Amino acid sequence: MRTEFAQCIVDLLVIHGHLWEILFGEQRYSPDQPRDEHGKWVSSGTGSTAKGVDKSENSDIIISEGDVMTELTHLGKMMTKPIEKEFGKLKTDEIIVTNERLDHINVRHPQDYDLFKKYGASTIAHPDLIIKDEKHDNTIFMIKRLPDTNLNVVTKVILESEETNRINSVMTFYRIRDKNLNKLEKKCKVLYKSE
């Protein structure tokens, strides 16, 4: 007799050497959906597609295969002064999220997905804290404090000196407890703190 958990494990199928996730009977990706040269699924959701982006460049932010490109959603502008003080001049103050990253947030942090839809843009535009990610190059944590929790938008920033067509991009989003936020503030450099 299989438990529901065991059945979920059985539902993870290997197709052509790539993992095809089926979550609780819901197909996340079709085996016919295009993949990039690294075997990652190329998102085909809806949103506003960025124009003028060089699709020929390999990128962790923009996943392309021929003429297929992950769609981008523009979230708005972020404050640049404290970030540029640490990293140097940014290519732009615009920030985007790809459908692939939205899928990531929805799958890896499903309890936080609605919070991202509701507070993601305001967290980027008016963060309470900006903290430098000491483990990853040109990456920051933009934190928004809410009465019951804290929200963390992890963002890759693109510098003006980089020869790339990428722009600032959301990597992931999740809630962060006060205890973990305090540890993060002690461990990493705080670039901005609202009063």
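Computed quantities for the displayed model
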| item | result |
| --- | --- |
| Filter result for the condition that a residue is surrounded by fewer than 21 Cβ atoms within 10 Å (Cβ to Cβ) and free of Cβ contacts under 8 Å to residues at least 40 places away in the same chain, over Ser122, Ser194 | Ser122 |
| Looking only at the range 116-142, and only at residues there that are of a type in the set (A, V, I, L, M) and more than 14 Å from the chain's Cα centre (by Cα), the one that is farthest from Leu159 (Cα to Cα) | Leu129 |
| Among residues of the range 161-184, those that are more than 21 Å from the chain's Cα centre (by Cα) and not polar (S, T, N, Q), counted | 4 |
| Complete set of residues in the range 127-138 that are free of Cβ contacts under 8 Å to residues at least 40 places away in the same chain and over 13 Å from Leu184 (Cβ atoms) | His136, Asp137 |
| Check on Leu90, surrounded by 15 or more Cβ atoms within 10 Å (Cβ to Cβ) and either closer than 21 Å to Tyr192 by Cα or in contact with a Lys or Arg (Cβ under 9 Å, 6 or more places away or on another chain) (or both) | yes |
| Scan of the range 132-187 for residues that are more than 18 Å from Ile95 (Cα to Cα), surrounded by 12 or more Cβ atoms within 10 Å (Cβ to Cβ) and among the charged types (D, E, K, R), ordered by number | Arg145, Arg175, Lys183, Glu185 |
| Residues of the range 87-110 that turn out to be touching a residue at least 60 places away in the same chain (Cβ under 8 Å) and polar (S, T, N, Q), as a count | 2 |
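Rule-based calculations on the coordinates, nothing more; no lab input. Model, not experiment: these values are computed from the prediction. When we count neighbours, we look across all protein chains shown, and the Cβ atoms used for this are built from the backbone with ideal geometry, even at glycine.
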